[in-house]
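See below for the structure under consideration.
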Amino acid sequence: MNSHALIPLIATIAYIPILVILLANRPWDRKQKFAFLFLIPAILWSLTDTFFRSDFFMPDKLFLVKVVLCLAIWMGVQGHYSLRSFYSSQRLKIPFAYILLVSCIVLAALGYIPRGIDATTGGIAVEYSNWLILIVFVLFTVIARDIHLLSRKLRVLANPLERNQIFYLLLGVATLAIFDLTSFAPGGGEYPIGHLGNLITAVILTYAVIAHRLLDVRVVFRRGLIWLTVCVIGAWAYVGLFFLAQRLIGFDINRSAIIAGSSIAILVAVFFYWLIGALGRRMEQSLVGKRYGHRRQLFDFTRKIYDVSTLEEFGNKLMPLLSESVGCQRACLFLPQDGKGDFAVRFNYPLREDNPMRGLKLRADSPIITWLRQKGKTLTDRELATLPQFQSMWQDEKKQIQSANVEMFFPLTNRGELVAILAIGNKQNNKLYTVEDIDLMKSVAARVASGLEKEYSHERILEQDEELTLVNRLTAIITSNMNIQDIFESFVKELKIVISVNYAAIALIEEGQLYDVALSGEVPPVRQAGERIPLEGTTTEWVSKVRKTLYEADLTEQRMFWTAEHYIKEGIRSIVHLPLITKDKGIGSLIIGSYQPDAYSKEEIRLLEHLASQIAIPVKNSQLYLKAEQRSRIDELTGLFNRRYFEEQLEDDLARCSRYGGMFSLFMLDLDNFKAYNDIYGHPSGDKLLNEIGMIIRNSIRSADKSFRYGGDEFIVVLPETKDEDACVVAERTRERIAAVMEAKQAGVACSIGLASYPTDGVLLDELVTAADTALYHAKETGGNRIYRASQIFSEPVGKAGANARHTGLGVVYALASAVDTRNPYIYGHSRKVNAYAVALAEALSLPPETVSRISTAALLHDVGKIGIPDELLNKSGALSDADWYQIKLHPRLGANIVGNVPSLVPCLGGILYHHERWDGNGYPEGLKGESIPLEARILALADAFDAMTSARPYHHTFSREEALEELRRGAGTQFDPKLAEVFINIIKAGLPASVT
């Protein structure tokens, strides 16, 4: 044999391992069938080329080269279909690629392929024909398309197993294609370059199968090696018999004899292989009977255990097949539980509620587990009853096993570790198990152990990932807001996805007391959030001390603490108390409850323990933050809220009332003669007095009210959803209590109070504070130790108001309003007319006199802000630009700023600032809507619009009275208050007010 024949021979031998592995993994799927059909021509191609390039069969070289070329084309065709099976699942209707193979065979038979060969001392040169080059070109084009489509699929595949398969397949095919194409280069046919590529491809595919488990190589070592040995022995026997027959009979060893003998040998081998298999199946079927089909399915399942995708699928397929194969009445599979060494039934057969095996459990210290782990062999019920090591079993465990009629335990071990336990009940019809049955169960246990461990480990990893994801998500919710109560409902809602939660709370310990910082549930809580109780004797005290979870599975049967009585009354049956521990110190507990008894499994409790350990530090940090934030809001001297928090709180109240409607009142309290008290008794005594005043205020107001130290000896109380009349009652109670305590101390100190209400006395923070401050000034100016309401200011006689030092700017404001009227001849007298219309409407609504007076003043001053708008813009006759409108829309706010500097006019601010707001919320400057617009502003809007329509303007024609009223009707409910619009229209129709000319 020359050196050129050696490489094809090695390539032939290199394909044998992968062929044996493939044969041992039957039955095949579609991809494996095409792989087998590719291996056959690949092996035959290299084997035939070995003979072609050797020194044997010299007269038959032309015939051998034709066979080699046809086998090469066949290998290419099968390579195409093998590649296609990886990117297309469609069945082949017409295998067009075989046309290339048929064409090659026909052309070779007719002598067109090849054109000739030239045998030299350096080797044999093949002269390829153009027909062959055309066939090869078409074939390589098809394979190139396959490679392209597989490459696209490789880029999007998520399954690593499939990616490995396709990667190594592409690598092998690309290698083979490159070397085969090189064979067609000039002089390339003289050397076995293509077979070198075939050898490399065989090595790549074999490595992929063994290193990446693309096929089950363990089967090879159990059965494949035996078949390989048989084949080798058979081949040597055939060769020996062939040469023996030649010597005895005396025929010549030539091509025809070798082909005929080899064909007969192959046919005989195939026939006997088929005969042995058929007889074996027939005999097994006759002996096993109806269980034969189940056993075949069981064997197929054990061969494909690595194709099972989930543990559930694994157990649900294994148990029925195994039970039916041996004819047992019931069986179950124990798997590890909780990571503590216990084993519990995970899968059982049959799947019935009355199956006594469903609830079986083996403790970690059970002698059964010890036996199976140490001995690694079957444990029978006879051994369980007689051997002394099993006498120490727990009685409840022994009774459960006996009631389930367990006859045998089979250990499933992998690498010396016990991964599962198979328990088999008694056989059907109370028959005994045969040795074959027991061997079958042992064999199956040994085969599936590694696959079961893999699936179990995979499931545990997925569970841990899901648990970690959930805990991280819940921890993120807890840390998203420093006020835990605000986000606790979201926390519990997310927790309900995985466990039953009807009640949840976070209880914290502080200075020997217990209080809930967060509550959520469908039952009334034991105590309100923030309510404090003694810590002693509570569940939280116990779990914090022992640092262990307390699970009370059924409170109606067993309970340890007094709080359980309340839970039982409200329907809670199961409750878990989990300690919250930071820096090795218990700070409280997480409490989870359910209506169902025994609602939480060990896995769920373990999840809750993990969760409690994760949220303990964020809970602690949130409390530290809230305490620090609360200290920043509290005035240390009086214990009341400070001025900064007052402004924040009032802004929130104003925004809420502006958006959703509502009202509130506030009163400002100032101590009379406090400066004299400080001067006489000193500042330390003054501080004590302020602290005492703070306590009196806190005890005099309602729980919903909030008190603030505004500064010095001034205090403010905000009363939500309270009219000024009701607020006056609270203020008077506060004043009387302060007066009584101060009189008893003979301190000579009293208090004066000014009261204002939203929206009557203002709609902005500064407006309300100014209104209350003005009322307080009035209270002090009129003798002190009394209450004065902002709404009273305009009901006083003008003379008295004129005596007030704070009214000195009133004349200036009225002068400005008059100046606005005189700047534009079109609007001269406008304010006076609006005043008449507005007062007539207010009186028709039977409003109080002080309110009518306030509306009258606001009507006269409603356009005072136009003093800041240029004359050319006020007199412009054309359309206004966006910039023009921007300036026009500034006049209500400018007017409010001007009037706000006169304390006696502060109650008029609402009407002046908001008389251009619309009922539908599309007005300006704030976009207020509906009844959130102050009543004065809604009245002024009607009066202002009616006069504007019925007066001459440069930008529109003058409306008649009837046209103007029709416009008001159309605007009712969108621009105007519909109820006020109806009253106003009736007034105008009645001829009122008569003073407007």
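With a ≥ b ≥ c taken as the square roots of the eigenvalues of the C-alpha gyration tensor of segment 525-584, please select rounded if a/c is under 1.5 and otherwise prolate if a/b is larger than b/c or oblate if it is not?
The shape class here is oblate.
List the extent of the Cα atoms of segment 884-947 along each of their three principal axes, largest first, rounded to whole Å.
31, 28, 23
Quick one: net charge around Leu671, please, counting Lys, Arg +1 and Asp, Glu -1 for every other residue with C-beta under 10 Å from its C-beta. Present the calculation step by step, with values, prior to reporting the outcome.
Values: positive: Lys675; negative: Asp670, Asp672, Asp713, Glu714.
Net local charge, Leu671 excluded: -3.
Straight-line reach from Lys780: which lysines fall under 28 Å, measuring Cα to Cα and dropping same-chain residues less than 8 apart?
Lys675, Lys688, Lys706, Lys723, Lys745, Lys800
How much length, in nm to one decimal, is gained on full extension between Val729 and Ile568, taken as 0.36 nm per residue of separation minus their Cα-Cα distance? Working shown, then result.
Values: separation 161, 0.36 × 161 = 57.96 nm, distance 4.41 nm.
Additional length available on full extension: 53.5 nm.
Would you grab the residues whose amide H sits under 5 Å from the one on Thr413? Only those 5+ places off in sequence or on another chain, please, with H modelled 1.01 Å from N.
When sequence neighbours closer than 5 places are left aside, the close amide H contacts are Val419.
Among residues other than Lys427 whose Cβ falls under 14 Å from its Cβ, what is the net charge (Lys/Arg +1, Asp/Glu -1)?
Summing Lys/Arg as +1 and Asp/Glu as -1 gives -2.
Take peptides 384-395, 570-581 and line them up by average Cβ neighbours within 10 Å, highest first, as a rough protection proxy.
570-581, 384-395
Ordered by residue, what ³J(HN,Hα) values in Hz, to whole numbers, does segment 495-504 give under the Karplus form 6.51 cos²θ - 1.76 cosθ + 1.60, where θ = phi - 60° and Gly and Pro are x?
After applying 6.51 cos²θ - 1.76 cosθ + 1.60, I find 5, 5, 5, 10, 9, 7, 9, 10, 8, 8 Hz.
Name the lysines eligible as straight-distance cross-link partners of Lys454: C-alpha to C-alpha under 20 Å, and not fewer than 8 places from it in the same chain.
Candidates past the 8-residue exclusion: Lys304, Lys317, Lys340, Lys442.
Stretch Thr475-Ser951 to full length: gain in nm at 0.36 nm per residue minus the Cα-Cα span?
164.6 nm is the gain from fully extending Thr475 to Ser951.
Note the direction-averaged projected area, equal to a quarter of the hull surface, for the Cα convex hull of segment 848-889, in nm².
About 3.8 nm², averaged over all directions.
In whole percent, and with a 1.4 Å probe on the protein chains, what portion of the accessible area of segment 650-767 is carbon and sulfur?
50
Whole number in Å², please: accessible area per residue of segment 621-746, 1.4 Å probe, ligands, DNA and RNA not counted.
53
Return one whole number: the accessible area per residue of segment 357-494 in Å², for a 1.4 Å probe.
Details: 7280 Å² over 138 residues.
On a per-residue basis, segment 357-494 sits at 53 Å².
Based on the mean of other Cβ atoms within 10 Å per residue, sort peptides 425-438, 491-504 so the most packed one is first.
Ranking the peptides 425-438, 491-504 by packing returns 491-504, 425-438.
Based on the mean of other beta carbon atoms within 10 Å per residue, what is the order of 307-313, 74-80, most packed first?
74-80, 307-313
Leaving out ligands, DNA and RNA, and with a 1.4 Å probe, what % of the accessible surface on segment 296-361 is carbon or sulfur?
Solvent-exposed carbon and sulfur of segment 296-361 make up 46 percent of the total.
Quick check: net charge around Leu847, other residues with Cβ under 13 Å of its Cβ, Lys/Arg +1 and Asp/Glu -1? Present the calculation step by step, with values, prior to reporting the outcome.
Working: positive: Arg854, Arg938; negative: Glu843, Glu850, Glu936.
With Lys, Arg at +1 and Asp, Glu at -1, the net is -1.
Among the lysines, which fall within straight-line cross-link reach of Lys493, defined as a Cα-Cα distance under 26 Å, with same-chain neighbours fewer than 8 residues apart omitted?
By straight Cα distance, Lys493 reaches Lys548, Lys569, Lys602, Lys620.
Using Stokes-Einstein with the Kirkwood hydrodynamic radius over Cα pairs, what translational diffusion coefficient do you get for segment 564-697 at 20 °C and a viscosity of 1.002 mPa s, in µm²/s rounded to a whole number?
In µm²/s, the coefficient rounds to 106.
The values are calculated or read from the model by the stated rules, or taken from the named source; none is laboratory data. Predicted model only: the values in this text are computed from it and were never measured. As a convention, Cβ positions derive from the backbone with ideal geometry for all residues, glycine included, and neighbour counts pool all protein chains shown. Quick note on the areas: whole protein, heavy atoms, side chains included, nothing else; ligands and nucleic acids left out. Shrake-Rupley method; radii C 1.70, N 1.55, O 1.52, S 1.80 Å.
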